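Chemist: I'd like to ask you about the structure that follows.
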Amino acid sequence: MNDDAAPGFLRRSLLLGGLASLAVPRLALAQGFAGLGTTAEGFSVPAPGKPFVFPRDHGAHPHFRIEWWYLTANLEGPDGTPYGVQWTLFRSALAPREAEGWQSPQIWLGHAAITTRDKQFVAERLSRGGIGQAGVIAAPFAASIDDWRLARRPDAPAGADELSHVALQASGTEFSYDLRLTATGPLVPQGQNGYSVKSAAGQASFYYSQPFYTVEGTLVLPSGTIPVTGQAWLDREWSSQPLASDQTGWDWFSLHFASGEKLMGFRLRDSGEGYTSATWIAANGTPTPLPAGALSVVPLGSSKVAGRAVPTRWQVRLPARGLDIVTEPINTQAWMATRTPYWEGPITISGSHKGRGYLEMTGY
């Protein structure tokens, strides 16, 4: 089912979270942003001390309410022109079980985008589970919704991780992309060995990343076909109640530094100072989780985007690593005009460290 045929509302309601009800177009803020603070009653919940098992955990976890496969890429054309690419597949369960055919309670949502210096190209797909429209296979890995697909390449070496060599395709009314991604480093658990806490009250998710992709391929835009190369970052996350009821949105950063080191960090906003978390990733892939509050993210300037003020220039500080940087978007208007809208786009990094990355902001 394509975007034009899809009913209703949605999004990374599925973002860090879920489609709690197809009948309610806008969930109350008392349930957290996009309903992600809704009770997890009946669903499994994350618990610390449970190691990932691969390739099984590359696949779906239907007894958890919310899950996604989330990829962002910082790319360049032959002349150095920057581009950003996003591809996301969200799964949301209406009941804590799996079933075949039309009895499946799984809802699937896809987002695809290309960001240029002056344009944001966006497409959205909505499908249901159980009838072959969308789903994920752990091995050989394949995640798809309609004809959008992230899948293990045939040339992947025998014995390599299922996500180490993948191909990515998506298209919209005015754009398409076809990319080949190759991992040059390991999978990285976020938080405490993959248990990522999201609030002082203890809401959490299972969370790991593949932040070491190199990319080559093509973008097709109204101006023509553009060969591109660059870096990409894949996030895998699942939960059943990832937010506290008073958390109204988040600011999430994935950063590639010129040194080869990387940083994942986020701030979840509430009525107080908010909740921050971060993982420092060494160039060899060794993660160091930082305690809550160690990361500081402060907006330095806003842009008018889709009729609202959105903070698009940020100071990010991590004193424990000597990090004091400023991030700038390549396009301030990187707005995802989807059922639940949000800002997501590529950024550049200056200050104590140089590099590039991606920023996602919700709830503005």
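The values are calculated or read from the model by the stated rules, or taken from the named source; none is laboratory data. No experiment lies behind these values; they were computed from the predicted model shown. Methodologically, a virtual Cβ is constructed for each residue, glycine included, from the backbone with ideal geometry; neighbour enumeration extends over all protein chains shown.
Chemist: Can you tell me how many residues within segment 81-96 are of a type in the set (Ser, Thr, Tyr) and part of a loop (DSSP other than H, G, I, E, B)?
Modeler: Of the residues in segment 81-96, 1 are of a type in the set (Ser, Thr, Tyr) and part of a loop (DSSP other than H, G, I, E, B).
Chemist: Has segment 97-111 got any residue that is in contact with a His (Cβ under 9 Å, 6 or more places away or on another chain) and either in a strand (DSSP E or B) or buried (at least 24 other Cβ atoms within 10 Å of the Cβ) (or both)?
Modeler: No, segment 97-111 has no match at all.
Chemist: Does at least one position in segment 203-222 carry a residue that is part of a strand (DSSP E or B), out of contact with any His (no Cβ under 8 Å at 6 or more places or on another chain) and modelled with pLDDT under 95?
Modeler: yes
Each row is one residue, and each column tells you yes or no for (1) modelled with pLDDT of 95 or more; (2) outside any loop (DSSP other than H, G, I, E, B).
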residue	(1), (2)
ALA113	yes, yes
ASP118	yes, no
GLU124	yes, yes
ILE131	no, no
PRO140	yes, no
ALA143	yes, yes
ARG149	yes, yes
GLY159	yes, no
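Chemist: OK, next. Within segment 204-231, take every residue that is in contact with a Leu (Cβ under 6 Å, 6 or more places away or on another chain) and of a type outside the set (Val, Ile, Thr) and give me the one that is nearest to ALA47 (Cα to Cα). So that I can check it myself, show each step before the final result.
Modeler: Going residue by residue through segment 204-231, those that are in contact with a Leu (Cβ under 6 Å, 6 or more places away or on another chain) are 208, 210, 213, 215, 217, 226, 228, 230.
If we keep only those that are of a type outside the set (Val, Ile, Thr) as well, we get 208, 210, 213, 217, 230.
Values: TYR208: 15, GLN210: 22, TYR213: 29, GLY217: 39, GLY230: 35 Å.
In this case the residue turns out to be TYR208.
Chemist: Within segment 241-259, identify whether any single residue is part of a strand (DSSP E or B), at pLDDT 95 or above and out of contact with any Gly (no Cβ under 9 Å at 6 or more places or on another chain), and answer yes or no.
Modeler: no
Chemist: With the condition kept exactly as written, say whether any residue in segment 131-141 is polar (S, T, N, Q) and in contact with a Gly (Cβ under 8 Å, 6 or more places away or on another chain).
Modeler: In the first step, residues of segment 131-141 are kept if they are polar (S, T, N, Q); the result is 133.
Those left that are additionally in contact with a Gly (Cβ under 8 Å, 6 or more places away or on another chain): none.
Within segment 131-141 (the criterion being polar (S, T, N, Q) and in contact with a Gly (Cβ under 8 Å, 6 or more places away or on another chain)), the answer is no, since none of the residues qualifies.
Chemist: Please indicate, with yes or no, whether at least one residue in segment 71-80 is in contact with a Pro (Cβ under 7 Å, 6 or more places away or on another chain), assigned to a strand (DSSP E or B) and of a type in the set (Asp, Glu).
Modeler: yes
Every residue, every condition in (1) under 21 Å from the mean Cα position of the chain (by Cα); (2) farther than 21 Å from VAL85 by Cβ, yes or no:
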position	(1), (2)
VAL297	yes, yes
GLY301	no, yes
VAL305	yes, no
ARG313	yes, yes
ALA334	yes, no
